[in-house]
Every structure is written in structure tokens, then in C-alpha cells.
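A quick write-up on the structure given underneath.
The values are calculated or read from the model by the stated rules, or taken from the named source; none is laboratory data. Remember, predicted model here, so these are calculated numbers, not experimental data. Note that each Cβ is placed from the backbone with ideal geometry, even for glycine, and that neighbours are counted across all protein chains shown.
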């Protein structure tokens, strides 16, 4: 069993919505230490997404993170000279960080629009259980399901 991490770095909540998950999301969007630029991108994306869906911005954000986060994943385990893909349950912190990363990567991989519009589209798609991030989650679940026979190797 892993030891508990004594003091994990938790960022301060973001100033507009007072939310810790959104602060981590902004930090993941940030490049080259430009936090104000990242903040502007995320806030614009949330307002655009809220207009499109007529939902509350934070409710939409939470739904998108919940829908894009995987419940199970496969981890490689070496046993007797062979590598097995062992399905494991995903811890809640890892689940939100994977969902965050997948949503941002999906937005960055789109072409031809400003980042805040691409991010808004991806958040709306994830909140409706669609889009690239949700597809990635589904593929992860399929891999875990396919390797269920090796679940007894879990440590």
C-alpha cells in the first residue's frame, strides 16, 4: 500500500468562481508561466459554453470533468518475464487530472480557431458525453474490460 503524500501542492481557488478544480484546470492550460492569459482563455471558454448550453458555467465544468474522467485504466505489470496489462480502479485525484488533461489536449489538437472557442466546444461536448476526451475515456474502459482476465494480478 502506498504511503499517503504528506503535503500535496493544492493551488489557491480561482478568484472568479472560488473553485479548486478550476484553478488546477487553469494551471494545466497555462504555458510558459502566463497565468493571466490562461485564466482569460478558461473564463472566456466557460462563458461561451454557458451561453451555448444555457447551463451554469460551473455546473457545466463539473459535468464535463465527471464525464471525461475514467473509472478504470490498465497499468503494466511484469510477472515472470511477461508484461500484463492489469486493470485498476482510478483514484479520484488522478481521475480529475486525466479528464483535465484529455479535455485540454483535445482542444489543442483542433485547428483553425482561437483556443477559448476550441476549449468551449470541447467542454460542451464532454458535458454531453461526446467529443475526443470522452472517446479517450471509452477506449480506456474498453482496454480495461478486455484485460479483465488479468485482474487477479492487481497489487
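Of the residues in the stretch 106-133, how many are assigned to a helix (DSSP H, G or I) and out of contact with any helix residue (DSSP H, G or I) (no Cβ under 8 Å at 6 or more places or on another chain)? Of the residues in the stretch 106-133, 0 are assigned to a helix (DSSP H, G or I) and out of contact with any helix residue (DSSP H, G or I) (no Cβ under 8 Å at 6 or more places or on another chain).
A search for C-beta distances below 7 Å between a residue of the stretch 1-17 that is under 17 Å from residue 38 (Cβ atoms) and any residue that is modelled with pLDDT of 80 or more and part of a loop (DSSP other than H, G, I, E, B), counting only pairs 6+ apart in sequence or on different chains, returns 13/19. Residue check, residue 78 against (1) in contact with a strand residue (DSSP E or B) (Cβ under 9 Å, 6 or more places away or on another chain); (2) more than 25 Å from residue 5 (Cα to Cα); (3) surrounded by 16 or more Cβ atoms within 10 Å (Cβ to Cβ), all met but one. Which one? (3) is the only condition that residue 78 fails. Exactly one residue out of 15, 114, 11 is more than 27 Å from residue 140 (Cα to Cα) and modelled with pLDDT of 95 or more, and it is 114.
Scanning the stretch 20-56 for residues that are assigned to a loop (DSSP other than H, G, I, E, B) and surrounded by 15 or more Cβ atoms within 10 Å (Cβ to Cβ), we see that the one that is nearest to the chain's Cα centre (by Cα) is 30.
Among the residues making up the stretch 105-123, those that are closer than 18 Å to residue 47 by Cα and surrounded by fewer than 21 Cβ atoms within 10 Å (Cβ to Cβ) are 113, 114, 115, 116, 117, 118, 121.
Residues in the stretch 59-81 that are in a strand (DSSP E or B) and over 14 Å from the mean Cα position of the chain (by Cα) were compared, and the one that is modelled with the lowest pLDDT is 79.
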